[in-house]
Amino acid sequence: MRIIPAIDLRAGGVVRLVEGRDDSATLYDRDPVAVALRYEAEGARLIHVVDLDAAFQVGASRNRQIIGDIVRAVTIPIEVGGGIRSLADIENLIRETGARYSIVGTLAVEQPDVVKEAVRTFGDGVLVGIDARGLEVSVRGWTHGSELDAVSLARRMAEIGIQRIIYTDITRDGKLEGPNVETTRQVALAAGVRVTASGGISSLEDLRKLAALEVDGCDSCVVGKAIYEGRFTVTEAIASLGG
């Protein structure tokens, strides 16, 4: 089970939200590059970065520049999500910003043909984020619902060649109440591709529960608030899983 620490960017700062609500941001650090370097030093092999300003479409920000700064500062790969809603956005992140992975969410629901084209061009560099309230998929910065359920969308994305899905239960995100283990398992089994779990992780015991899903295809998890709130460090998380 790979531990992937999260850096959510809002107006250049590192924040965490509760259930993705724009008005729930807590600022934890003003130096995202330093946070990324700390994660790398603690043993992280991948960092999850989200541009919240882009996700909420609040206009131009310096987050994209900061993402480039993070990529240049660390030696480990970066996956980036938030407001990536066109083939040009994917290309910019991978070819210009230098991110190893570009995460699409709304695009997978609204324009799956574009995602299919992106997979032909960038292969495993394109990941799909399935953000749902339980099974109901949300889009556009988690502000709108959709008619798709997470399991159906996972199958559809696997069929067009997506090799990894990041499943987030919005109702648990940022609340430190534990991950949605059962729905994560459903998504992994339905897709038949590798799945990253996200949302609600609060303890080392939560990590061990998710590690039990590796046999079903869930091989990694994104951790945010638990680290910022001092529940455990990246080093402690890796050690707890024998990594």
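Structural remarks
- Only residues that are outside any loop (DSSP other than H, G, I, E, B), surrounded by fewer than 16 Cβ atoms within 10 Å (Cβ to Cβ) and in contact with a Gly (Cβ under 9 Å, 6 or more places away or on another chain) were counted across the range 41-64, and they come to 0.
- Subset of the range 17-34 (residues that are in a strand (DSSP E or B) and exposed (fewer than 13 other Cβ atoms within 10 Å of the Cβ)): Leu27
- Residue in the range 71-79 that is in contact (Cβ under 8 Å) with a residue 60 or more places away in the chain and not hydroxyl-bearing (Ser, Thr, Tyr) present: yes
- The range 60-88, subset among the charged types (D, E, K, R) and at pLDDT 95 or above, residue nearest to Asp124 (Cα to Cα): Glu79
- Those residues of the range 75-97 which are more than 17 Å from the chain's Cα centre (by Cα) and either in a helix (DSSP H, G or I) or closer than 22 Å to Ala11 by Cβ (or both), in sequence order: Leu87, Ala88, Glu91, Asn92, Arg95, Glu96, Thr97
- So Val137, is it of a type in the set (Val, Ile, Thr), surrounded by fewer than 20 Cβ atoms within 10 Å (Cβ to Cβ) and touching a helix residue (DSSP H, G or I) at 6+ places or on another chain (Cβ under 6 Å): no
The values are calculated or read from the model by the stated rules, or taken from the named source; none is laboratory data. Here the structure is a predicted model, which is why all the values come from computation and not from measurement. Using ideal geometry, Cβ is built from the backbone for each residue, glycine included, and neighbour counts are taken over all protein chains shown.
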